[in-house]
Amino acid sequence: MDTDEQKILDEETLFMVSQTFKALSHPNRIRILYLLAHGEYSVNEIAEHLDLKQATVSHQLVFLKNLRLVKYRRAGQSIFYSQDDEHVMHTLNEMIEHAQH
């Protein structure tokens with residue numbers, strides 16, 4: 001049986017959960033994550049695919065990277081981004097399916 005202590009979330013967990021929902025509450029961040037779920041892209045490629053300004057994409061990627069929802073790798077002078085959290089991507093895909101149902 002659950003104890004009362006198991007029913008209380010610690011502050012760090014609460015903060016991370018709220019920040020993740022904050023990340024998923026912005027349309028452009030959702031669009032970026034959804035694109036990255038299907039492959040690895042540079043900032044310029046993301047901007048082109050989503051018809052966004054490069055500065056907008058860069059700003060949103062910083063937010064997502066700080067939450068460890070995206071990762072990056074360098075290839076020469078280029079930086080390529082991809083998704084980095086299967087749990088969040090599963091949740092995002094579930095919500096998209098729910099919205100389309």
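Overview of results
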{"item": "The listed residue being surrounded by 13 or more Cβ atoms within 10 Å (Cβ to Cβ) and more than 16 Å from residue 17 (Cα to Cα), out of 61, 92", "result": "61"}
{"item": "Answer residue from the stretch 38-49, given it is aliphatic (A, V, I, L, M) and under 15 Å from the mean Cα position of the chain (by Cα) and is farthest from residue 77 (Cα to Cα) among those", "result": "46"}
{"item": "Search result, residues across the stretch 65-82 that are out of contact with any Phe, Trp or Tyr (no Cβ under 8 Å at 6 or more places or on another chain), surrounded by 11 or more Cβ atoms within 10 Å (Cβ to Cβ) and either outside any strand (DSSP E or B) or in contact (Cβ under 8 Å) with a residue 40 or more places away in the chain (or both)", "result": "66, 67, 68, 69"}
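All of the numbers you see were taken from the coordinates with simple rules; none came from a lab. Computed from a predicted model, the values in this text were never measured in an experiment. In this analysis, Cβ positions are derived from the backbone assuming ideal geometry, glycine residues included, and neighbour counts consider all displayed protein chains.
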